[in-house]
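Throughout, read-outs are computed from the coordinates displayed, never taken from laboratory work. From a predicted model like this one, the values you see are computed outputs, not experimental measurements. Cβ coordinates were reconstructed from backbone atoms using ideal geometry, including for glycine residues, and neighbour counts include every protein chain displayed.
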Amino acid sequence: MKILAIEFSSDHRSVAVLEGDRLLAEQTVTEGRDTAAVALIESALGQAAVGPAEIDCIAVGVGPGSYTGIRAAIALTQGWQLARGVKVQGVDSLEALANGEQAAGRRGEITLAVDAQRGEFYLAKFGLTDEGVRIIEPTRLAKRAEYDSLLAAGSLVIGPTVGDAFPSAEHVARLAEGRSDFVEASTIEPVYLRQVDFVKAPPPREIPPV
């Protein structure tokens, strides 16, 4: 199965093409919001010598992270599925980052952090071993005080917010490879753990004629 993976949850945005366990291509840019997304996809497909019609599945990183970037990646995925009927999977971007760190040789417990704005952080903890990656604490929202206390205690905390660690499309694709939990692209949403607060506007008041 040929997988096209799109990971736009950080300023390091990437697209990869994977066939089985073989990485055919990966293109990464660091322009963030200025990413020419379609051109990036075309570049990765060209590097892989794979035509759009040959893609069997699209794996998209759903965050947490840049809401604008993730939305753009999801929109591209939705359009591709509508046009070509490909299979689609949503992949947790922090899990992809953890797998990338494990593949690079990092071992032990690690906390991944993403700035969620409003004085909060997305945090997730993983255990990295020679055998693979284990989720210790799934992604959750935490206040800055907890984030600061982790740093003060000397815990290993990395991510797009701290240090040079970014999720990659390659590891989004590798997580998707072998999975069969395909979804309708229209149902995919970015990871956003805040409760949505809004007040419904009251119905317009009827004013009797004078």
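For the stretch 138-178, count the residues as N, evaluate 2.2 N^0.38 Å, and divide the Cα radius of gyration by that value, please.
Relative to the rule-of-thumb radius for its length, the stretch 138-178 sits at 1.51.
Quick one: if you stick a label point 7 Å off each Cα along the C-beta vector at Ile135 and Glu19, how many nm between them?
About 3.1 nm, to one decimal.
What 222 nm value per residue comes from the helices of the chain, counting each DSSP H run with n ≥ 4 as -39,500 (n - 2.57) and dividing by all residues, nearest 500 deg cm²/dmol?
Roughly -8500 deg cm²/dmol at 222 nm, from the helical runs in the chain.
Calculate the FRET efficiency for Asp34 and Val183 from the Cβ-Cβ distance with a Förster distance of 30 Å, rounded to the nearest 0.05.
Here the calculated transfer efficiency is 0.55.
Given a cut-off of under 8 Å on Cα pairs at least six residues apart, what relative contact order in percent is computed for the stretch 39-146?
Over the stretch 39-146, the number comes to 19 percent.
Could you please state, rounded to a whole Å, how far the C-alpha centre of the stretch 113-141 is from the C-alpha centre of the stretch 74-110?
15
Take every DSSP beta bridge with both residues inside the stretch 2-187 and express the antiparallel ones as a percent of the total, to the nearest 5.
75
Can you put Val15, Val88 in order of Cβ neighbours within 10 angstrom, beginning with the fewest?
Listing Val15, Val88 from fewest to most nearby Cβ atoms yields Val88, Val15.
Per 5 Å bin from zero, what fraction in whole % of the C-alpha pairs of the chain is there, up to the bin with the longest pair?
Reading upward from the zero bin: 1, 7, 15, 19, 18, 14, 10, 6, 3, 2, 2, 1, 1, 1, 0, 0, 0.
Relative to the present Cα-Cα distance, how much length would full extension add between Thr68 and Met1 at 0.36 nm per residue of separation?
21.2 nm
Sequence gap at least 6, Cα distance under 8 Å: using those rules, report the relative contact order of the chain to the nearest whole percent.
After rounding, I find 24 percent.
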